[in-house]
1. List every residue pair whose Cβ atoms lie under 9 Å apart, where the two residues are 6 or more positions apart in sequence or sit on different chains, the first residue falls within the stretch A:119-138 and is assigned to a helix (DSSP H, G or I), and the second residue, located anywhere, is of a type in the set (Asp, Glu) and modelled with pLDDT of 90 or more.
2. Restricting attention to helices (runs of 4 or more DSSP H) lying wholly within the stretch A:10-104, give those where 1 or more residues are crowded, with 17+ Cβ neighbours inside 10 Å and on the phi < 0 side of the Ramachandran plot.
3. Kindly provide the set of residues from the stretch B:200-222 that are surrounded by 15 or more Cβ atoms within 10 Å (Cβ to Cβ), at pLDDT below 95, assigned to a strand (DSSP E or B) and out of contact with any Gly (no Cβ under 7 Å at 6 or more places or on another chain), ordered by number.
4. Pairs please, first residue from the stretch B:85-96 and more than 16 Å from B:Tyr135 (Cα to Cα) and more than 7 Å from every other protein chain (Cβ to nearest Cβ), second anywhere and surrounded by fewer than 23 Cβ atoms within 10 Å (Cβ to Cβ) and of a type in the set (Gly, Ala, Ser), Cβ atoms under 6 Å, 6+ apart in sequence or on different chains.
5. Considering only the stretch A:153-181, how many residues are part of a loop (DSSP other than H, G, I, E, B) and more than 7 Å from chain B (Cβ to nearest Cβ)?
6. Taking the criterion of being under 20 Å from B:Met160 (Cβ atoms) and within 14 Å of chain A (Cβ to nearest Cβ), would at least one residue in the stretch B:29-40 satisfy it?
7. What number goes with the only condition from (1) at the interface with another protein chain (Cβ under 10 Å from one of its Cβ atoms); (2) out of contact with any Leu (no Cβ under 7 Å at 6 or more places or on another chain); (3) over 22 Å from A:Leu171 (Cα atoms) that B:Pro136 does not pass?
8. Can you spot a residue in the stretch B:152-160 that is more than 20 Å from B:Ile199 (Cα to Cα), surrounded by 19 or more Cβ atoms within 10 Å (Cβ to Cβ), of a type in the set (Val, Ile, Thr) and within 13 Å of chain A (Cβ to nearest Cβ)?
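The values are calculated or read from the model by the stated rules, or taken from the named source; none is laboratory data. A quick note: this is a predicted structure, and the numbers were derived from the prediction, not measured. No Cβ is skipped: glycine too gets one built from the backbone with ideal geometry, and neighbour counts run over all protein chains shown.
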Amino acid sequence: MARTRLSFDHTGWAARNIGSIAVVSFLAIWEILYRIGLINPIFLSSPLKIVQVCITLFQNGVLTEHLLFTLGHFTVGFGLAAVSAVVLGLVFGWYRPLGAAFDPFLTAMLGTPRIVLLPLITLWVGVGFASKVLIVFLASFFPIILNTIIGVHSLDRNLLRVAGAFGATPLQTFRTVALPGALPYIVSGLRIGMGQALVGVVAAEMFVSTGGVGYFVAQSSANFNIDRVFVGIVVIVLMGLMITGAIKWGENRLAKWRSE
Amino acid sequence: MNDLTKLHARNVTITYPLKDGKEVTAVSDLSLKVREGEFVCIVGPSGCGKSTLLGAIAGFQPIKHGEILLNGRAIKGPGRDRGVVFQQASLFPWRTTLDNIIYGLELAGVDKKKRRERGEELLHLVGLDGFSSHYPYQLSGGMQQRVNLARALAIEPSLMLLDEPFGALDAQTREYMQVELLRIWAATSQTVILVTHDIGEAVYLADRVVVMSARPGRICETTEIRLPRPRPLEIKRSSEFQAYEAHIWMFIAHDSEELREAN
């Protein structure tokens, strides 16, 4: 009996779009299982239903409001973390004794899920805007600062010597050597920080909030509104994808001076 | 060429601290005068302190005794009155060729339009027209070293200091760069001090070759190179050139333990 040789054309249309095909197939099977009644609608929604409910919720403004709420927490918390962690990271990286002094604290916090601080934070600043901003800040601050420090430590000594030879002031050396040299590390810190910030904001909203996508999911789940739960999850997934996309775009812009 | 003294090192002693608290003398009671517009090459065996001396002139290396005067003023630290070219091109990888060249001008606060003009001028001088927006990784080793040279020249230094500038290049590129360096030097009428371990390179480039000996580092011979300029590469095959080489080699061989043992 002749053996059938399995062959797969790695350059064909199917190969190039295999990711999209997988997603569409997955959604189609899900929808079919839902339609023929194999899925209990108490526990699981269906793709088309999620889209329908999502559109309605955007039209009546409910979802937009929650989304803006979450984005507000995220942007303020992450923005503050990014700026302060990069600045402090450059300073701690530059003045090694200072960095070494803070290192145990930074490393300990990096390994800890910062959401555990939520009870303390609500005790200190209440359950309002500040609590979520603080959680987002703490979630993203540590990966960014630690990456920035590593970036400064791995600067090319020869470039620092060049700056010295050209009579650069400490501030000029910082701006023209330390910052651009550490940038690839900073960007990867920002990427990790953004991911953790998203986790932080959603978790915090689920526990202590009166708004936001996290709150919306928790609330809908408590009301057994499974379609809304799924809409919330999809919105969070999309936020994650957008954040990843933004970072990729930034990395590509950076990559033009880096040899492949 | 005139007889104005550009650089005057007076009884310079440079020491390094060792880990056990003792000191090692890298340069001992060395004196050297360099005239305005002169091309001086310093040669010597490894460890003779030639790079340390250059580092002191650049202002990186503190001096224990003596002083180094540039245009009559004592050198206290690095500055833009000296253009330094290291063996490693050390270009900023995130800057384009042009932006690398104008680095010093940027630090000096020269306005944007002027430094661009100056940058283009130097790009042309070092023969890199058309490469202004390339990044360092897109350039060959020889091209990177040209950018390095242009970056040092851009600030119009009073003195150029080159530390084994072609040491990392292959033999062919190296010879080509020597020719280029002389062409650029002729066009800029700079005063140059170049450190090398390559005797042929020193004789080919210099008005005067200073030979240093090791432990402790001091000058053991100074030879005026009276070869006519411009110097084509073929001059290296002339008997005059080879006589200079042999003369200098003798001083280095005399000093080098490795060679003494081999003989």
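1. A:Lys132/A:Glu205
2. Where helices (runs of 4 or more DSSP H) fall fully within the stretch A:10-104 and carry at least 1 residues being crowded, with 17+ Cβ neighbours inside 10 Å and on the phi < 0 side of the Ramachandran plot, they are A:18-35, A:47-59, A:62-94.
3. B:Arg218, B:Ile219, B:Cys220, B:Glu221
4. Going by the 6 Å Cβ cut-off, the qualifying pairs are B:Gln87/B:Gly167; B:Gln87/B:Ala168.
5. Total meeting the criteria: 4.
6. Within the stretch B:29-40, not a single residue is under 20 Å from B:Met160 (Cβ atoms) and within 14 Å of chain A (Cβ to nearest Cβ).
7. Here B:Pro136 clears every test but (2).
8. Scanning the stretch B:152-160, I find at least one residue that is more than 20 Å from B:Ile199 (Cα to Cα), surrounded by 19 or more Cβ atoms within 10 Å (Cβ to Cβ), of a type in the set (Val, Ile, Thr) and within 13 Å of chain A (Cβ to nearest Cβ), so the answer is yes.
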